[in-house]
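The values are calculated or read from the model by the stated rules, or taken from the named source; none is laboratory data. Computed from a predicted model, the values in this text were never measured in an experiment. As a convention, Cβ positions derive from the backbone with ideal geometry for all residues, glycine included, and neighbour counts pool all protein chains shown. In case anyone asks, the SASA skips ligands and DNA or RNA and just uses the protein heavy atoms, side chains included. Shrake-Rupley method; radii C 1.70, N 1.55, O 1.52, S 1.80 Å.
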Amino acid sequence: MATRGGFSSRLGFIAAAAGSAVGLGNIWGFPAEVGAGGGGAFVLMYLIFCFILCFPVMVTEIAIGRKTQKNPVGAFNALGFRKWNFVGKIGILSGFLILSFYNVIAGWAFGYIFEMATSNFAIAEQFSAFKMQVFKVGGYGLVFMVVTAYTVSKGISGGIEKAAKFLMPALIIMMLVLIGYSFTLENSGAGLAFYLLPDFSKINGVVMYNALGQAFFSLSLGMGALITYGSYVSKKDNIISSAALITLADVGVAVLAGMLIFPLLGFITEGNIGDGQMATAGPDLIFVTLPKVFEQIGSFGAVVGAGFFVLLCFAALTSTVSLLEVPVAYVVDEKGIKRNRAVWLVAGFIYLIGIPSLIGNGYSEFFTNFITYIGADSPTSFLGFIGSVANDSLLPLGGCLIVFFAAHVWKKHNLDAELSVGNPSYEGSFLQKYLNFTISYVAPLALGVIFILTVLGTFFGIHLI
């Protein structure tokens with residue numbers, strides 16, 4: 001049997017896993033949620049949840065992957081719990097579905113690089129028409145999928161790790177350059193104040209629910225990506241410290257995104273920033289609001305705008321690579337198909353099942369008004385429906401089941417034994433007690449509540465908070 005390969009260094013694993021977590025959700029989802037959640041109060045809750053609750057889930061996923069050196073389905077089989085491999089199948093299904101619509105959005109971002117570079121700021125008012133140019137936008141998405149597949153086809157160290165080592169530093173450098181420029185704009189300080197200074201009166205159940213959901217989703221948890229990446233990690237590596245660095249990198253990029261976008265918002269609103277300014281949906285924030293900001297900047301608007309969408313594409317690519325690797329690892333491990341062939345077959349299939357998401361933005365009436373949820377005032381597109389099912393619902397369900405399995409089926413002492421490999425001081429430490437308590441009770445309860453609240457609120461119109 002051919003070797004599965006692996007990361008050539010701990011830094012390579014951290015860069016790749018951090019890249020998996022860093023994506024479009026950090027660049028648009030986080031700032032939009034911050035605006036809707038009252039600014040700094042949301043940021044504070046988000047940071048707390050990332051490090052206190054989501055970090056243990058990440059540690060658990062990586063440990064299962066390294067212990068078994070298998071994909072999400074094979075991992076449960078290798079541990080001797082074949083009946084639980086449905087959890088891995090949920091993760092692989094989630095990855096399939098998320099990448100199918102994620103690639104469409106990445107195609108929009110790729111196309112906007114050229115629109116901004118040619119100073120076509122009017123595209124902000126024509127976003128709906130832009131999305132309906134399905135052959136043009138579909139072509140952009142196809143290019144993005146080909147780049148993703150090519151990267152994954154080169155293997156772990158030669159493809160994913162190599163790309164992550166370039167993309168992650170480049171992403172951060174571009175963000176810092178754009179942030180530096182945004183700070184020079186008039187009224188940028190008002191945007192920063194809204195973003196960084198918490199108003200504790202804004203903290204309520206809704207803000208906490210949204211902050212926990214954003215923290216979980218932004219860290220790429222619940223779909224088996226980190227089980228898969230963990231399967232390529234050396235036994236010499238310290239999982240705890242690696243997970244801490246991955247969490248820090250992901251949170252850092254999200255915080256930097258806010259430091260870029262809120263000064264721009266302060267500029268365009270002339271300092272009158274407040275609740276609701278960023279409450280629009282992610283695509284509208286990125287593809288409608290920000291191009292208007294770039295237009296007002298003046299002669300540098302085209303450069304700043306094009307640079308921003310290059311940055312967005314880099315962030316998207318670090319995620320699409322990990323999303324594709326999850327089903328590819330499954331096909332290679334469980335079906336015995338050679339990696340290169342598996343990559344292109346899976347990528348082609350995902351692109352095809354993403355076509356309804358591509359045409360469901362005005363081009364096709366059926367897929368644009370695909371379903372009307374109970375209690376909803378208007379129909380939801382196919383893309384929105386897939387996002388609700390895979391991203392919003394299946395991910396917290398998968399995360400809940402993974403930590404429950406680790407604590408109560410596989411048992412904590414087995415998890416502890418794996419975490420002690422490469423970290424001999426772990427046994428008996430406070431961190432061990434904390435992780436055991438969190439994955440046994442806090443994490444499954446919190447993620448279970450998120451899943452239930454999301455399903456009830458989204459599909460049945462029952463809002464309990």
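Looking across segment 401-424 at every residue that is of a type outside the set (Lys, Arg) and not in a helix (DSSP H, G or I), the one that is surrounded by the most Cβ atoms within 10 Å (Cβ to Cβ) is identified as TRP410. Within segment 420-428, not a single residue is touching a residue at least 24 places away in the same chain (Cβ under 8 Å) and among the charged types (D, E, K, R). Of the helices (runs of 4 or more DSSP H) that lie entirely inside segment 1-64, those containing 1 or more residues that are basic (Lys, Arg) and open to solvent by 10 Å² or more (accessible area, probe 1.4 Å) span 10-21.
Of all residues in segment 282-313, none satisfies the criterion of being at pLDDT below 90 and within 23 Å of LYS154 (Cβ to Cβ).
Taken over segment 444-462, the residue count meeting the criterion of being open to solvent by 60 Å² or more (accessible area, probe 1.4 Å) and closer than 18 Å to THR60 by Cα is 1.
Filter segment 328-380 for residues that are in a helix (DSSP H, G or I) and small (Gly, Ala, Ser); which is surrounded by the fewest Cβ atoms within 10 Å (Cβ to Cβ)?
So in segment 328-380, the residues in a helix (DSSP H, G or I) come out as 328-335, 339-353, 355-359, 365-368.
With the extra rule that they be small (Gly, Ala, Ser), the set shrinks to 329, 342, 347-348, 357.
On the way: ALA329: 30, ALA342: 21, ALA347: 23, GLY348: 12, SER357: 25.
Step by step, filter segment 328-380, then rank; the result is GLY348.
When we screen LYS136, LYS154, LYS131 for residues that are at pLDDT 95 or above, among the charged types (D, E, K, R) and open to solvent by 60 Å² or more (accessible area, probe 1.4 Å), the only hit is LYS136. Scanning segment 425-443 for residues that are in a helix (DSSP H, G or I), open to solvent by less than 50 Å² (accessible area, probe 1.4 Å) and over 15 Å from MET58 (Cβ atoms) yields a total of 3. Please determine, by comparing only the residues of segment 114-126 that are at pLDDT 90 or above and surrounded by 18 or more Cβ atoms within 10 Å (Cβ to Cβ), which one is nearest to ALA306 (Cα to Cα). So, considering only residues that are at pLDDT 90 or above and surrounded by 18 or more Cβ atoms within 10 Å (Cβ to Cβ), the one nearest to ALA306 (Cα to Cα) is MET116.
Listed here are the residues, each with its yes/no results for (1) surrounded by fewer than 21 Cβ atoms within 10 Å (Cβ to Cβ); (2) under 30 Å from GLU365 (Cβ atoms); (3) of a type in the set (Ser, Thr, Tyr); (4) touching a residue at least 60 places away in the same chain (Cβ under 8 Å).
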| residue | (1), (2), (3), (4) |
| --- | --- |
| PHE144 | no, yes, no, yes |
| TYR150 | yes, no, yes, no |
| ALA164 | no, no, no, yes |
| ILE179 | yes, no, no, yes |
| SER188 | no, no, yes, yes |
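The set of residues from segment 60-79 being over 26 Å from LYS433 (Cα atoms) and β-branched (Val, Ile, Thr) comprises just one member, VAL73.
Taking segment 381-400 as the range and being buried (at least 21 other Cβ atoms within 10 Å of the Cβ) and of a type in the set (A, V, I, L, M) as the test, the residues that pass are LEU383, ILE386, ALA390, LEU394, LEU395, LEU397.
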